[in-house]
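Read-outs throughout are calculated quantities, based only on the coordinates presented, and are distinct from any laboratory measurement. Keep in mind that what you see is a predicted model, and the values were worked out from it rather than measured. Note: ideal-geometry Cβ built from the backbone for every residue, glycine included; neighbour counts use all protein chains shown.
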Amino acid sequence: MMVVSGFTALKDVVYKTVNGMELSLDILIPDKPVSIPCPAVMYIHGGGWNGGDKQNYGGQVWNASLAQQGFVAINVNYRFSSQAIFPAQIIDLKDAVQWIRAHAERYGIHPGRIGVWGHSAGGHLAALLGTSGDHSPWEKGEISTAVQAACSVSGGMDLIALAEYGNDAEAALIGATLENIHEHKELADLACPMTHIHEHMPPFLIIHGEEDAIVPIIESEKLYAKLDNATFIKIKNGDHFFIKGNLEFQDLVITVAHFFRKQLIGTARHDIIEQDIDRIIPTNDRKRLTPEFYAEWGKLFEQYT
């Protein structure tokens, strides 16, 4: 356990063991929760489904900032495609949601107020978790896998369409190659969030850069077109990581925090969010989302990482 400004971090808590492999998550418990019991927001890291870690920037910076704003922030690891092909990844994440609900009282979490978000491959998995909660071939046990709000950032949705851009990570996820991915269409369709849309969907927030060359924005447009309760934010000139766009770091945090406040606790007061952001990042120190900024921000979380 480590205490960092604004929250206490419980690191490497094992939520399941599969084939001798321990999968873990980090739980960031806020000093000042937005409510008691507190809503939880789980972040799913990117990395082409075959890399990344729960303590990378998305976890230690983006989701950790939500912990500083009063949410229980959870950063989760899952099996890579080189370790197990799909649906291993979504099964792991559903198991993580069930684990969170089963241990909600211990960590001060409201079991009926769980949100999920992720970037890139994590955005895809967050969207899939959002659309498939309690409505998928992978449900098991009596504990719900449904989330109450989902946010996809720069996420891909249609694996076969993405493979046509030459992205072999999508093919590898389902045990295919770029050459034979069409032979795996059934599994690719199961991996598509739109396949699982049902009547009782949680609200969605979708964020994507208009100039994303890794995952074209049309992928998020496909998801948005199928959802009845969704907000779509297109980042002008934004690439996959928004470095070239008109979105600054505090804008992303404010937007995501606003969304989860509204959907998980029923309030979304901009003045509260702005006050929290000013406490975390003084106005005169706000910078673009650049590697240099990440380095500065990361210093605040040295104890966590």
(message) Within a 10 angstrom radius of the beta carbon, how do Met21, Met194 rank from fewest other beta carbons to most?
(response) Met21, Met194
(message) Neighbour counts of other C-beta atoms within 10 Å: give me Arg106, Arg261, Arg79 arranged from fewest to most.
(response) Arg106, Arg79, Arg261
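Filter the GluC sites (Glu not before Pro) in region 193-226 down to the DSSP loop ones having no more than 12 other Cβ atoms within 10 Å, then list what survives. Mind showing how you got there, number by number?
Details: sites: Glu199, Glu210, Glu211, Glu219, Glu221; in loops: Glu199, Glu210, Glu211.
Within region 193-226, the qualifying GluC sites (Glu not before Pro) (loop, at most 12 other Cβ atoms within 10 Å) are Glu199.
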(request) Mind scanning Lys54/Lys185; Lys16/Lys222; Lys32/Lys140; Lys94/Lys226 and naming the pairs with a C-alpha gap bigger than 27 Å? (result) Lys54/Lys185; Lys16/Lys222; Lys32/Lys140
(request) Quick one: dipole size for region 1-147, taken about the Cα centre, charges +1 on Lys/Arg Cβ and -1 on Asp/Glu Cβ, in debye to the nearest 20. (result) 100
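Sort Ser35, Ser81 so that the residue with the fewest other Cβ atoms within 10 Å of its own Cβ comes first and the one with the most comes last.
Working: Ser35 16, Ser81 21.
Lowest to highest Cβ neighbour count: Ser35, Ser81.
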